[in-house]
Amino acid sequence: MNLENLTILQARNLLDNKQITVRTLVDHYRRVISEKNHEINAYIEIFTNTDAEIDRAQKMIDKGEQKTLTGIPYALKDNILYKDHQVTSASKILEGYVASYDSHVIECLKEEGAIPIGRTNMDEFAMGSSTEYSAYGPTKNPLDASCVPGGSSGGPAAAVAMDSCVFALASDTAGSIRQPASFCGIVGLCPTYGAVSRSGLISLGSSLDCIGPLTKTTEDAQIIYNIINAYDYMDSTSVPLEKRNMQSRAFHKPKKIGIPREFVNDPGISSDMKASFDRAVSIFIDAGYEIVDIEIPHIALSLPVYYIILPAEASSNLARFDGVRYGIREKGEDLLETYIKTRGEGFGKEVRRRIILGTYVLSAGYRDSYYGQATRLRSLIREEFINAFKKVDVIITPTTSGGAFRFGEKSDPVAMYISDLFTVPANIAGIPAISVSFGKTKDGMPLGMQIIASHFNEDALFVLGKVLEDNK
Ligand code: GLN
């Protein structure tokens with residue numbers, strides 16, 4: 001039987017019609033992993049102790065009590081806690097650390113009877129855009145192994161793109177789901193901040209982090225989103241359902257598409273991307289949508305704002321990794337030396353760079369001029385988006401300036417940071433955005449288009465994502 005490129009509903013049908021068992025499906029993906037992972041390095045660990053989950057899922061199906069994801073295998077990014085399993089955020093400092101509880105998203109998927117198949121690679125603590133900063137070595141792009149898969153969720157994106165699972169769960173703080181989705185030719189959704197609980201996600205920037213799916217289709221992204229978006233009292237920023245409904249425009253069909261023209265005319269954008277973006281626009285016009293040029297005056301400042309706020313939050317979040325409570329310990333003469341040795345050896349270069357930067361922008365005398373100023377600008381950018389959404393229903397931009405780059409090509413940290421140019425504004429404003437694979441570079445590598453909606457209007461993203469997908 002052909003099990004290639006199964007979407008959720010295709011796998012669902014095969015399982016429900018008893019054409020395959022849950023175990024056959026899991027074994028199939030394990031085989032794909034053992035064939036491809038030594039080259040691609042998408043997985044850090046394959047879960048082999050899932051017999052109980054597999055049996056339970058099969059029983060649910062046999063009794064006719066299955067849910068949408070019962071028996072569906074998925075991959076996890078290495079910063080999402082799965083009880084009794086290792087989780088390291090691809091950092092040496094957390095080597096051997098075992099999660100003592102399930103993240104909220106895992107609880108949601110357990111409830112469904114979905115099967116976690118493995119833990120996937122990422123940039124250390126989700127800092128990076130290429131997965132070159134992992135303590136476990138880089139992940140390669142399954143479509144061309146000389147190119148990066150993007151980051152920080154390079155592992156989960158490659159896992160889906162090499163067809164070793166049906167979908168993956170990952171985190172997005174500035175583009176870490178959407179950018180790898182576009183580099184690997186799949187779909188990536190960053191939900192509204194506060195829609196999906198962060199409980200059990202190893203924090204990077206707590207005011208920006210979102211958990212979302214990487215999938216083969218827009219429809220799959222919608223299915224996963226509908227399952228993981230739920231109020232959770234364990235996350236103080238989880239938004240109660242009544243409040244979400246007040247902000248969403250449910251039943252309102254998107255009609256007007258905004259283009260922040262000046263922003264998307266960035267000189268750094270490749271000619272392939274420019275051509276694909278123009279083609280996407282004409283597809284929307286043909287499909288009856290109205291295109292409106294809009295202004296979000298401070299949108300281009302999202303990136304500098306991010307690189308103040310993120311290091312500040314990351315330096316404080318990472319303070320807990322000190323060799324005392326979690327992971328490895330490099331013993332020194334006294335407590336201070338233990339801290340210094342553990343952190344000096346446990347953290348990689350990029351993580352140390354961000355901690356230094358974050359500590360600096362929060363230090364006495366500088367706090368207001370850096371962190372304070374960035375926070376004020378952040379509110380302004382958020383307001384500008386809210387105003388723009390009074391005129392249009394969604395906004396479109398390219399996901400990235402071009403296709404996947406080669407290993408080592410962005411060795412200068414600032415060149416790497418610029419990768420987030422188009423994706424970071426949504427995180428700054430806390431609004432949802434999706435990347436849908438559309439168009440190709442002249443070397444045949446995939447490109448991605450980004451659709452952005454207002455708070456809690458993910459539905460509009462799925463409608464428009466499908467339009468692009470159907471007209472690829
Ligand atoms: N490139 C971003 C960074 O390095 C990605 C962050 C993210 O979304 N996790 O911070």
Against the condition under 22 Å from residue 219 (Cα atoms), surrounded by fewer than 24 Cβ atoms within 10 Å (Cβ to Cβ) and modelled with pLDDT of 95 or more, how does residue 467 come out, does it pass? yes
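Results for (1) of a type outside the set (D, E, K, R); (2) part of a helix (DSSP H, G or I); (3) open to solvent by less than 30 Å² (accessible area, probe 1.4 Å), shown as yes or no for each residue.
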{"residue": "225", "(1), (2), (3)": "yes, yes, yes"}
{"residue": "235", "(1), (2), (3)": "no, no, yes"}
{"residue": "239", "(1), (2), (3)": "yes, no, yes"}
{"residue": "243", "(1), (2), (3)": "no, yes, no"}
{"residue": "246", "(1), (2), (3)": "yes, yes, no"}
{"residue": "254", "(1), (2), (3)": "yes, no, yes"}
{"residue": "257", "(1), (2), (3)": "yes, no, yes"}
Would you pick out the residues in the stretch 350-364 that are open to solvent by 80 Å² or more (accessible area, probe 1.4 Å) and either in a loop (DSSP other than H, G, I, E, B) or in contact (Cβ under 8 Å) with a residue 60 or more places away in the chain (or both)? 353, 364
Reported set for the stretch 406-437 where residues are among the polar types (S, T, N, Q), more than 13 Å from the ligand (Cβ to nearest atom) and more than 23 Å from residue 469 (Cα to Cα) is 411
Unique residue being within 23 Å of residue 204 (Cα to Cα) and open to solvent by less than 20 Å² (accessible area, probe 1.4 Å) when the list is 80, 44: 80
Looking only at the stretch 177-205, which residues are within 12 Å of the ligand (Cβ to nearest atom), assigned to a loop (DSSP other than H, G, I, E, B) and either over 27 Å from residue 143 (Cβ atoms) or over 12 Å from the mean Cα position of the chain (by Cα) (or both)? 202, 203, 204, 205
Just a yes or no: is a residue in the stretch 153-164 open to solvent by 10 Å² or more (accessible area, probe 1.4 Å), more than 17 Å from residue 35 (Cα to Cα), more than 11 Å from the ligand (Cβ to nearest atom) and in a loop (DSSP other than H, G, I, E, B)? no
Pair list, Cβ under 8 Å, 6 or more apart: the stretch 324-344 residue over 15 Å from residue 92 (Cβ atoms), other residue part of a helix (DSSP H, G or I) and open to solvent by less than 50 Å² (accessible area, probe 1.4 Å): 324/338; 331/338; 332/338
Of the residues in the stretch 234-253, those that are small (Gly, Ala, Ser) and at pLDDT 90 or above number 2
Tell me, yes or no, whether the stretch 110-124 has at least one residue that is part of a helix (DSSP H, G or I), over 30 Å from residue 52 (Cβ atoms) and within 16 Å of the ligand (Cβ to nearest atom). yes
Among residues of the stretch 80-100, those that are polar (S, T, N, Q) and touching a helix residue (DSSP H, G or I) at 6+ places or on another chain (Cβ under 6 Å), counted: 3
Within the stretch 304-336, can you find the residues that are more than 15 Å from the ligand (Cβ to nearest atom) and either open to solvent by less than 70 Å² (accessible area, probe 1.4 Å) or aliphatic (A, V, I, L, M) (or both)? 319, 321, 322, 323, 324, 326, 327, 328, 330, 332, 335, 336
Is it the case that some residue within the stretch 206-216 is more than 16 Å from the ligand (Cβ to nearest atom), more than 28 Å from residue 391 (Cβ to Cβ) and either outside any loop (DSSP other than H, G, I, E, B) or open to solvent by 30 Å² or more (accessible area, probe 1.4 Å) (or both)? yes
Kindly indicate whether residue 129 is in contact with a helix residue (DSSP H, G or I) (Cβ under 6 Å, 6 or more places away or on another chain), polar (S, T, N, Q) and open to solvent by less than 10 Å² (accessible area, probe 1.4 Å). yes
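The values are calculated or read from the model by the stated rules, or taken from the named source; none is laboratory data. Since the model is a prediction, treat every value here as computed from it, not as a measurement. Because the Cβ atoms are built from the backbone with ideal geometry, glycine has one as well, and the counts that use them run over all protein chains shown. Note: areas computed on protein heavy atoms with side chains; ligands, DNA, RNA excluded. Shrake-Rupley method; radii C 1.70, N 1.55, O 1.52, S 1.80 Å.
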